[in-house]
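The values are calculated or read from the model by the stated rules, or taken from the named source; none is laboratory data. Being a predicted model, the structure only gives us computed values, none of them experimental. All Cβ positions, glycine included, derive from the backbone under ideal geometry; neighbour counts span all protein chains shown. Heavy atoms of the whole protein, side chains included, go into the accessibility calculation; ligands, DNA and RNA do not. Shrake-Rupley method; radii C 1.70, N 1.55, O 1.52, S 1.80 Å.
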Amino acid sequence: MIIFDCDGVLVDSEILSCGIDAGLMREAGHPITTEELIAGYIGRPKREIWAAIAEERGVSWPDGLIERAEAMLSERIATDLAPVEGVHAALEALDVPRAVASSSRLDKLHQSLRQCGLLGHFSPHVYSAEQVDRGKPAPDVFLFAAAGAGADAQSCLVIEDSVAGVTAARAAGMTAIGFTGGRHSFPGHAEGLRVAGAVAVVTSMRDLPATAERLHAGIARV
């Protein structure tokens, strides 16, 4: 079983989501750039990210601001979201059972995958952190996805673009491949994924099938 993160791995949404969030945070008086938000926080559930930043700055966000961010992102998904370059060909080339395990809300996850023509590659094995007690970097959503798909956790390979996601995969006893092929990739991205425990990092979807199948075959033989 290969378990994919969604945002920044299957769909190129991190640049949209973090751009919206950073803009609204600045509007509320918090000086943060899109790049800082991406490098420091991606991979965790949105509301946890907002709560962490509010705690760091010591001031609560204005009422309704997070809901405004979510509504704005839903609009951008419908008009601007694109699949990560090469992902359709990569999925067609991978002859391995697969699932999605994401920090996104389930409705947003389905919207994104449907918008990019990817839902059919994974349905019904699409899982969200809102279905478990703890989001990434805790392992809960990956363990939930493996159980839902009838797979042994230790036989699963995870494709992740965030330190939080790789950390969660390793905590679940899974092997992780880091991915830096989204438009949000930043200096030090690959090294951070390796330090978190990714056994390999791929920079393009065209390189993913061979790397994933090699590592998945190795897991299956253990």
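Just round it to a whole percent: the fraction of Cα-Cα distances in segment 161-202 exceeding 15 Å.
28 percent
Can you give the log10 of the normalised intensity I(q)/I(0) at q = 0.14, 0.15, 0.25 Å⁻¹, computed with Debye over equal Cα scatterers of segment 120-182?
One equal scatterer on each Cα of segment 120-182 leads to -0.36, -0.42, -1.12.
Where does the chain land at 222 nm, in deg cm²/dmol rounded to the nearest 500, when only DSSP H runs of n ≥ 4 count, each adding -39500 (n - 2.57), divided by all residues? Show your work: numbers first, answer last.
Numbers: 11 runs with 112 residues, N = 222.
Calculated at 222 nm, the ellipticity per residue is -15000 deg cm²/dmol.
At 1.4 Å probe size, with no ligands or nucleic acids counted, give the accessible surface of E70 in Å², nearest ten.
Its accessible surface works out to 30 Å², give or take rounding.
Using protein chains only and a probe of 1.4 angstrom, how many square angstrom of H121 are accessible, to the nearest 10?
H121 exposes around 40 Å² with every protein chain in place.
Place +1 on the Cβ of every Lys and Arg and -1 on the Cβ of every Asp and Glu in the chain, take the dipole about the Cα centre, and give the residue among A151, F4, G86 whose Cα lies farthest towards its positive end.
A151
In segment 64-163, what percent of the accessible surface is made up of carbon and sulfur (1.4 Å probe, ligands and nucleic acids excluded)?
Details: 2200 of 4360 Å².
In segment 64-163, the share of accessible area belonging to carbon and sulfur is 50 percent.
What net charge is computed for the residues neighbouring V202, neighbours being all others with C-beta under 15 Å from the C-beta of V202, Lys and Arg scored +1, Asp and Glu -1? Mind dumping the intermediate values first?
Values: positive: R194, R206, R214; negative: D5, E85, E160, D161, E191, D207, E213.
Local net charge: -4.
Please list log₁₀ I(q)/I(0) at q = 0.13 Å⁻¹ for the chain, using the Debye equation with identical point scatterers on the alpha-carbon positions.
-0.69
Once you list every other residue whose beta carbon is under 9 Å from the beta carbon of D5, what net charge do they have if Lys and Arg are +1 and Asp and Glu are -1? Please report the intermediate quantities before stating the final value.
Details: positive: K136; negative: D7, E160, D161.
Net charge around D5: -2.
Remind me, what semi-axes does segment 147-217 give for its equivalent ellipsoid, largest first in whole Å, using sqrt of 5 times each Cα gyration tensor eigenvalue? Spell out each step's value before the answer.
Values: eigenvalues 82, 41, 19 Å².
Semi-axes (√(5λ), whole Å): 20, 14, 10.
One quarter of the convex hull surface, Cα atoms only: what value does that give for segment 77-119 in nm²? Let's see the in-between values first.
Working: hull surface 13.3 nm².
Average projection, Cα convex hull of segment 77-119: 3.3 nm².
Report the local net charge at G120: Lys and Arg +1, Asp and Glu -1, summed over other residues whose C-beta lies under 15 Å from its C-beta.
Net charge around G120: +1.
Under the definition of Cα pairs under 8 Å and six or more residues apart, what whole-number percent is the relative contact order of the chain? Mind dumping the intermediate values first?
On the way: 385 pairs, mean separation 57.5, N = 222.
Relative contact order, the chain: 26 percent.
What percentage of the solvent-accessible surface of segment 166-222, computed with a 1.4 Å probe over protein heavy atoms, is contributed by carbon and sulfur atoms? Spell out each step's value before the answer.
On the way: 1400 of 2690 Å².
Whole-percent figure for carbon plus sulfur exposure: 52.
Segment 75-102 to segment 148-222: how many Å between their Cα centroids?
15 Å
Whose amide H sits under 5 Å from the amide H of T175, counting only residues 5 or more places off or on another chain, with H placed in the peptide plane?
Amide H neighbours of T175: C156, V158.
Mind putting together the pair-distance distribution for segment 15-86? All Cα pairs, 5 Å bins, whole percent per bin, short to long.
Final binned percentages: 3, 15, 27, 28, 16, 6, 3, 1, 0.
Can you work out the accessible area per residue across the chain, with the rest of the protein chains kept in place, probe 1.4 Å, in square angstrom?
Numbers: 9580 Å² over 222 residues.
Value for the chain: 43 Å² per residue.
When you count, for each residue, the other Cβ atoms within 10 Å and take the mean per peptide, how do 137-147, 44-54 rank with the highest first? If you can, show how the numbers build up before the last one.
Working: 137-147: 21.8, 44-54: 18.0.
Put in order of decreasing packing, that is 137-147, 44-54.
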